[in-house]
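The values are calculated or read from the model by the stated rules, or taken from the named source; none is laboratory data. Only a predicted model underlies this, so the values are computations on that prediction, with no experimental measurement involved. In this analysis, Cβ positions are derived from the backbone assuming ideal geometry, glycine residues included, and neighbour counts consider all displayed protein chains. SASA here: full protein model, heavy atoms, side chains in, ligands and nucleic acids out. Shrake-Rupley method; radii C 1.70, N 1.55, O 1.52, S 1.80 Å.
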Amino acid sequence: MDDRIILHIDLDCFYCQVEHRRLGIPREVPLAVQQWDGLIAVNYPAREQGVTRHMRTTEALAICPNIRLVHVQTIGDGDSLDGPVDKVRLTQKACLERYRLANAEILDALHTEVPNSRIEKASIDEVYIDVTDLVDLEMPKFEADRPGRDSEGQPLFSWGSVVYGTGSLDPMDVIEKRLSYGAMIASRLRGAIQTKTGFSSSAGISVNKLLAKIGSAKNKPNQQTLIRPRVVQELMSELPLRKLRLLGGKFGEELASLCKGYIEDSGRELVVADVHSIPYDALVAKFGTEKSSWVHDMIQGRDSEDVKEREKQKSMLAAKSFAASSDITVIERWISILAAELAPRMKSDYETYNRRPKTLGVHFRQQPKKAGQFSSDRTRQSPMPRMPPQMPCKKILTEAAMEIFKTRCASEAMPCVRLALSASDFVECPNESKAITRFLTQVKKKAISSCDDNTTQKTSVQLDSKAEEKQDGISCPLLDSVNVQEQEKLLREASMLHRLEKSKANITQKNQQVSKRIKTGGIQKFFQPK
């Protein structure tokens, strides 16, 4: 039996909460976040009046006239991420940066509270946390301190959790006792998020990721649900099959279709327990051994997948679909807008993780040649242009991406209907401050050792950049007044400026070469403005 303690914490209507806090709108006011003409998030007061996600704004206003509609941030020509919101879809790109920044606040609060626990960022508004070791650490401290019940007759042992299934927690059961301490930690973490960010959340507590995720969705909003292993059969007998993790797409549809052939009432909504009616041989014949074994484990509530620390993105992508165009000026405008989104994200990633991307990708999609056809994205990559990681430059990104597009994409992309820029292959940045300080210290060592021409014997010198350096009572008057920290700062700035100028010169030279190739390459028709 799995003795892990896994939490799944899910923010309640996350985008809406971010907007409530940003705009100072009371939480009881119906609110939805829109992207163009559709709703992508709806708070609970609005849901109570019949508003749902993916509804059109006009329909939402007809159902709930007092709803507050807040558009996601957008980027357009010349706009930074903090620029004014322009909802014109033809000239603007939606940007979710304010929600990414809010997510970083949540992760920071969790790491502060449980610094030694594994945290897996599952999406922008949900995390898994393995608190097994923390439970082992904290159980002895509370073992004999929680008798009795609260004023509502609920066992204090559950820490305010909704305990799913028949019966209450059994303090004599080892697994259930450990789950109770997981509930205590979940309550504490939700409180930390509420205190530090103002956001409410729901949580699931169980012995694996599958059951913990089911639990967090059971009693939203702002509650936590504990699922014990002994009630799994009861849980699966009522849980809709479509709500089981990873069974919402094509595979789920195929599994449901197969299941209906083995149950009597095929017209009702399928529950997870119905899958037991499918003979295992039939599962294998349809899906193969590996996938069938996985399904067999899931319907019994078994999940051995570990919580993985993966907060760092492997890549960043900024994308935009638009009306088909063969005009290179249109292409350049969209690439510039994509670069305006990507550059600040690269800077934020550097400040958080001290790393930079090595590869710049340009992704494009050509308009299908015939109606009804589908055209997939294609990608061309190149080394990321040189620029200070702490100061990524929109202009340099745009110029580099345009070079890739003109020389390696245009002949296949026109007329183009979708573009994206990506940054990938991240590497850790060296600590420039230490390197420069070490260089300056070595310079001072050499200067001091040569200050007295009469000195014939070499001696080693240990220098402290914050004190005056002397050797056998011999100082170097030329360097006594040198401020290493100030020189370090000046050298760093000079280095950055040098790299920027060098990068611009390289790009200018390459653009000239590109222009010559375009004129002789037979594809100049793509670059004539309409």
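From the list Ala256, Ala285, Ala318, the one residue that fits, being surrounded by fewer than 16 Cβ atoms within 10 Å (Cβ to Cβ) and farther than 26 Å from Thr166 by Cα, is Ala285. The residues of the stretch 165-177 that are open to solvent by less than 30 Å² (accessible area, probe 1.4 Å) and either within 18 Å of Ile6 (Cα to Cα) or among the polar types (S, T, N, Q) (or both), listed by number, are Leu169, Ile175, Glu176.
Listed by first and then second residue, the pairs with beta-carbon distance under 6 Å, at least 6 apart or on different chains, first residue in the stretch 60-84 and closer than 11 Å to Ile337 by Cβ, second at pLDDT below 60 and not polar (S, T, N, Q), are Thr74/Val85; Thr74/Asp86; Gly76/Asp86.
Pairs meeting the criteria (first residue in the stretch 10-25 and without any contact (Cβ under 8 Å) to a residue 40 or more places away in the chain and under 20 Å from Asn66 (Cβ atoms), second residue open to solvent by 40 Å² or more (accessible area, probe 1.4 Å) and not small (Gly, Ala, Ser), beta carbons under 6 Å, at least 6 apart or on different chains) are His20/Arg27. Determine if the stretch 261-275 includes at least one residue that is modelled with pLDDT of 90 or more, surrounded by fewer than 16 Cβ atoms within 10 Å (Cβ to Cβ), more than 16 Å from Leu239 (Cα to Cα) and of a type in the set (Phe, Trp, Tyr). No, the stretch 261-275 contains no residue that is modelled with pLDDT of 90 or more, surrounded by fewer than 16 Cβ atoms within 10 Å (Cβ to Cβ), more than 16 Å from Leu239 (Cα to Cα) and of a type in the set (Phe, Trp, Tyr). Checked against the criterion of being under 21 Å from Arg100 (Cα atoms), open to solvent by 70 Å² or more (accessible area, probe 1.4 Å) and part of a helix (DSSP H, G or I), the stretch 351-361 contains one or more residues that satisfy it. Restricting attention to the stretch 215-231, the residues that are closer than 11 Å to Asp10 by Cα and open to solvent by less than 20 Å² (accessible area, probe 1.4 Å) total 3. The residue that is nearest to Leu338 (Cα to Cα), counting only those in the stretch 365-421 that are acidic (Asp, Glu) and assigned to a helix (DSSP H, G or I), is Glu399. Each residue in the stretch 365-378 was checked for being in contact (Cβ under 8 Å) with a residue 40 or more places away in the chain and open to solvent by less than 70 Å² (accessible area, probe 1.4 Å), and 4 of them qualify. From the list Asp136, Asp125, Asp145, the one residue that fits, being modelled with pLDDT of 90 or more and loosely packed, with under 14 Cβ neighbours inside 10 Å, is Asp136.
Working only within the stretch 406-451, note down all residues that are more than 27 Å from the chain's Cα centre (by Cα), modelled with pLDDT of 55 or more and crowded, with 20+ Cβ neighbours inside 10 Å. Once the filter is applied, which keeps residues that are more than 27 Å from the chain's Cα centre (by Cα), modelled with pLDDT of 55 or more and crowded, with 20+ Cβ neighbours inside 10 Å, the stretch 406-451 yields Lys406, Cys409, Ala410, Ala413, Met414, Cys416. Scanning the stretch 52-66 for residues that are polar (S, T, N, Q) and either over 23 Å from Lys320 (Cβ atoms) or surrounded by fewer than 13 Cβ atoms within 10 Å (Cβ to Cβ) (or both) returns Thr52, Thr58, Asn66. Can you confirm whether Asp130 is over 30 Å from Val42 (Cβ atoms), buried (at least 17 other Cβ atoms within 10 Å of the Cβ) and at pLDDT 80 or above? For Asp130, the condition - over 30 Å from Val42 (Cβ atoms), buried (at least 17 other Cβ atoms within 10 Å of the Cβ) and at pLDDT 80 or above - is met. Comparison of Ala273, Ala183, Ala285 shows that the only residue that is under 20 Å from Val131 (Cα atoms) and aliphatic (A, V, I, L, M) is Ala183. Open to solvent by 40 Å² or more (accessible area, probe 1.4 Å) and in contact with a strand residue (DSSP E or B) (Cβ under 7 Å, 6 or more places away or on another chain), is that true of Gln194? When the stated conditions are applied, Gln194 does not pass them.
For the stretch 1-51, the strands (runs of 3 or more DSSP E) that sit wholly inside it and include 1 or more residues that are open to solvent by 60 Å² or more (accessible area, probe 1.4 Å) are 31-35. Of the residues Ser200, Ser180, Ser161, the single one that is within 20 Å of Val307 (Cα to Cα) and either aliphatic (A, V, I, L, M) or surrounded by 17 or more Cβ atoms within 10 Å (Cβ to Cβ) (or both) is Ser180. Does Ile75 satisfy being modelled with pLDDT under 95, open to solvent by less than 20 Å² (accessible area, probe 1.4 Å) and either of a type in the set (Val, Ile, Thr) or farther than 28 Å from Pro344 by Cβ (or both)? So Ile75 passes the test.
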